[in-house]
Every structure is written in structure tokens, then in C-alpha cells.
């Protein structure tokens, strides 16, 4: 089974694709989709949608997984995250791809063993779980963690 993990963000959306065979997990690909902060919102959202749609078309995952949305202290940040998430999830919907959602604490617990793990702990565990996989950046690492958590959670 191919699982596409997603870490939506307006500035940089991470994606990571893994293959599961029984309890074995292997790395397929990962990347980050960055948007131009100076571009109009509609163009930024279209760019995210198109880029994730291209990933889906290229790799044909069986399902996708994303972190559940969380509320920031800044309402504007929450709104921008929600809009980016909508563009990414719409790309999944257009491809008839099931999207499972997981809380950030659950993702960390599934990957590291504790829900209070920080980003460096998650990234260190990814090196153990996906040895030799070239990870394109922090957002791609988060997306791979979401995919692995989804695989572990069934």
C-alpha cells in the first residue's frame, strides 16, 4: 500500500510517500511545495493544489493522511493554514483519494513513542525508520511522520 503523508502550510507544504508491506515500511519519495509570499492568495492556493495533484498523479497513492488542524493564537495564521489545507485536501478529493486525519500528538507518539516529542526527535526517528532516505526538509519530514503514523494506526 502507498500512503501519502501531508503537512499542509501556506508557505511550505510537505509531502512524503511510503510503501507498506505488512509491518515493513519503505521510503518512496518526499518533497516540499513552497509558495511565493508576495503572490496573491488565490495564486498561492492554486500552486499548492496543482503541485499536490501532480504528486498524486505521479505516484498514485492508495490513501493520504494529514495532521488535524489546530488553532493558533493568531487567528490570521489559523485562517491561512485552513485555506492551504483546503487546497491540499481538494487535490486529494479531486483524485478520489481517501484522507485520514491524525492529531499531531498521536503522530509523534506513533513515530517516536511519546506525544510530547519535538521536531528533532521525530527527524532522528525517521532516520532509523527510513535509513538512507534523503529528506527534503523539515516539512517533508513531518509529512513522512504523518504517513508512518497512519500506517502504524491502520
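Nothing in this text is a laboratory measurement; each read-out follows from the coordinates by a stated rule. Note that the structure is predicted; figures quoted are calculated from it, not measured. When we count neighbours, we look across all protein chains shown, and the Cβ atoms used for this are built from the backbone with ideal geometry, even at glycine.
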Check: Going by the conditions given, is residue 69 surrounded by 13 or more Cβ atoms within 10 Å (Cβ to Cβ), part of a loop (DSSP other than H, G, I, E, B) and under 16 Å from the mean Cα position of the chain (by Cα)?
Finding: yes
Next item on the list: All but one of (1) part of a loop (DSSP other than H, G, I, E, B); (2) crowded, with 18+ Cβ neighbours inside 10 Å hold for residue 55, so report the exception by its number.
Entry: (1)
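Results for (1) surrounded by 24 or more Cβ atoms within 10 Å (Cβ to Cβ); (2) more than 17 Å from the chain's Cα centre (by Cα), shown as yes or no for each residue.
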{"position": "116", "(1), (2)": "no, yes"}
{"position": "126", "(1), (2)": "no, no"}
{"position": "130", "(1), (2)": "no, no"}
{"position": "134", "(1), (2)": "no, no"}
{"position": "137", "(1), (2)": "no, no"}
{"position": "140", "(1), (2)": "yes, no"}
{"position": "143", "(1), (2)": "yes, no"}
{"position": "148", "(1), (2)": "yes, no"}
{"position": "153", "(1), (2)": "no, no"}
Next item on the list: Give me a count of the residues in the stretch 115-143 that are closer than 19 Å to residue 18 by Cα, out of contact with any strand residue (DSSP E or B) (no Cβ under 6 Å at 6 or more places or on another chain) and in a helix (DSSP H, G or I).
Entry: 10
Next item on the list: Tell me which residues, restricted to the stretch 89-114, are crowded, with 18+ Cβ neighbours inside 10 Å, closer than 21 Å to residue 23 by Cβ and under 12 Å from the mean Cα position of the chain (by Cα).
Entry: 102, 107
